[in-house]
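The structure appears below as structure tokens.
The values are calculated or read from the model by the stated rules, or taken from the named source; none is laboratory data. Remember, it's a predicted structure, so these values are computed and weren't measured experimentally. With ideal geometry, Cβ positions are generated from the backbone for all residues, glycine too; neighbour counts draw on all protein chains shown. Keep in mind that these areas ignore ligands, DNA and RNA; they rest on the heavy atoms of the full protein, side chains included. Shrake-Rupley method; radii C 1.70, N 1.55, O 1.52, S 1.80 Å.
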Amino acid sequence: MRLFTIILMLLFANLVCSQNTFSYLGTLILANNSAISFSLELEEHNGIVNGYSITNINTPDETKSEISGLYFKKDKTFQMKETQILQTKSEAALNKFCFISMNLSLKKKFGIKQLEGTFTGKFLDDIICAKGNILLMERAKFEEKIRKIKNKIKEKDIKKTQDKSLAIKTQILKDGDDFTINWESNKLRLFIWDPNLEDGDKIQLTINGNIILDNFKTTNKRRRIKYKLVEGENIIEIKAINLGTSPPNTSRIELVDRKIKYPIITQLKLGKVAVIKIIK
């Protein structure tokens, strides 16, 4: 009796060891190159395969179907088909469901197991309803890749938010006003233009006593200036040379310190000056 029990235990252990499970996730690629989400959950024992598939994952048409078929260990291929619907969210009639038969090969690329092959779908009356290819990846690896992609997207969104936060509130400088900025970079990037209807406004732009623009007419086209700063205080002066046809003399200025942008608008009367102090 004891010997019989031991034999049964060995047989059971052998059965358990010979059973393989497969969990794959990916897509059905139709003949028109459209894709349908698709997953397989399979158990294989002595070449017999059973399990289920899910199509249109997380959609109103999500459908779970029973799978049966064969596994050929020698060449690592599957021949399987959907036999019946186990569960569906779709409200379509049963004769509108497309049951697929598939021929898949188990492959390994870049250390990741994949199932690749072709499928043919048929209605219950045996009329062909779809054809195409199947591309699946081990579920754990697939979900890991999705997580990495989502994390990258999240990081980009955070970076965009951070970059947006680097844009400082617009300062409006009028006659005699000054504005002080603490600066990080060794260089200054300055853009100047007329943000409104061009009315012939002219300005003089001076940096550290050096005239950079003289009698310069601002237009809607941005003028870019690069300037190497000195240690300590750097003085930028914007002076109204005329009033154009629509007073006051208005200029839009943008100062860029690496990724930080300082937007400034000057509104000046004739001959008046606005001052920007950059402390490095």
Looking at segment 190-214, I want the residues that are without any contact (Cβ under 8 Å) to a residue 40 or more places away in the chain and have a partner that is polar (S, T, N, Q) and in a strand (DSSP E or B) with Cβ atoms under 7 Å, at least 6 apart or on another chain. Which pairs are those?
Gln204/Asn215; Ile207/Asn234; Asn208/Asn234; Ile211/Gln204; Ile212/Thr206; Leu213/Gln204; Asp214/Gln204
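Residue by residue through segment 179-214, note down the ones that are farther than 22 Å from Glu233 by Cα, open to solvent by 80 Å² or more (accessible area, probe 1.4 Å) and in a strand (DSSP E or B).
Of all residues in segment 179-214, those farther than 22 Å from Glu233 by Cα come to 193-203, 214.
Applying the additional criterion that residues be open to solvent by 80 Å² or more (accessible area, probe 1.4 Å) yields 196-198, 214.
Once the filter is applied, which keeps residues that are farther than 22 Å from Glu233 by Cα, open to solvent by 80 Å² or more (accessible area, probe 1.4 Å) and in a strand (DSSP E or B), segment 179-214 yields only Asp214.
Determine which member of the set Phe72, Phe38 is among the aromatic types (Phe, Trp, Tyr) and either surrounded by 15 or more Cβ atoms within 10 Å (Cβ to Cβ) or in contact with a Cys (Cβ under 6 Å, 6 or more places away or on another chain) (or both).
Numbers: Phe72 fails: either surrounded by 15 or more Cβ atoms within 10 Å (Cβ to Cβ) or in contact with a Cys (Cβ under 6 Å, 6 or more places away or on another chain) (or both).
From the options Phe72, Phe38, the qualifying one is Phe38.
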Being open to solvent by 40 Å² or more (accessible area, probe 1.4 Å) and touching a residue at least 40 places away in the same chain (Cβ under 8 Å) is the requirement here; does Ile236 meet it?
no
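Within segment 106-137, count every residue that is open to solvent by 40 Å² or more (accessible area, probe 1.4 Å), part of a strand (DSSP E or B) and not hydrophobic (A, V, I, L, M, F, W, C). Give the derivation first.
Restricting attention to segment 106-137, the residues satisfying the condition of being open to solvent by 40 Å² or more (accessible area, probe 1.4 Å) are 107-111, 113, 118, 120, 122-129, 131, 133, 135.
Filter once more, so that each one left must be part of a strand (DSSP E or B): 107-109, 113, 118, 120, 122, 128-129, 131, 133, 135.
Then drop every residue that is not not hydrophobic (A, V, I, L, M, F, W, C), which leaves 107-109, 113, 118, 120, 122, 131, 133.
So the count comes out to 9.
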For segment 249-280, enumerate the residues that are free of Cβ contacts under 8 Å to residues at least 40 places away in the same chain and open to solvent by less than 60 Å² (accessible area, probe 1.4 Å).
Gly271
For Ala140, work out the one condition from (1) of a type in the set (A, V, I, L, M); (2) at pLDDT below 95; (3) closer than 24 Å to Ser34 by Cβ it doesn't fulfil.
(3)
Criterion: modelled with pLDDT under 95 and either assigned to a helix (DSSP H, G or I) or touching a His at 6+ places or on another chain (Cβ under 9 Å) (or both) - qualifying residue of Lys169, Lys160
Lys160
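Starting from residues that are under 14 Å from Leu25 (Cβ atoms) and out of contact with any Asp or Glu (no Cβ under 8 Å at 6 or more places or on another chain), keep the ones in segment 41-63 and report whichever is most open to solvent (accessible area, probe 1.4 Å).
Here is the first cut: in segment 41-63, the ones under 14 Å from Leu25 (Cβ atoms) are 41-42, 51-58, 62.
Narrowing the set further to residues that are out of contact with any Asp or Glu (no Cβ under 8 Å at 6 or more places or on another chain) leaves 41-42, 57-58, 62.
Values: Glu41: 45, Leu42: 6, Ile57: 46, Asn58: 132, Glu62: 42 Å².
It comes out as Asn58.
Residue under question is Phe191, and the condition is that it be within 23 Å of Phe78 (Cα to Cα), out of contact with any helix residue (DSSP H, G or I) (no Cβ under 6 Å at 6 or more places or on another chain), among the hydrophobic types (A, V, I, L, M, F, W, C) and modelled with pLDDT of 95 or more; does it hold?
Taking the combined requirement at face value, the residue does not satisfy it.
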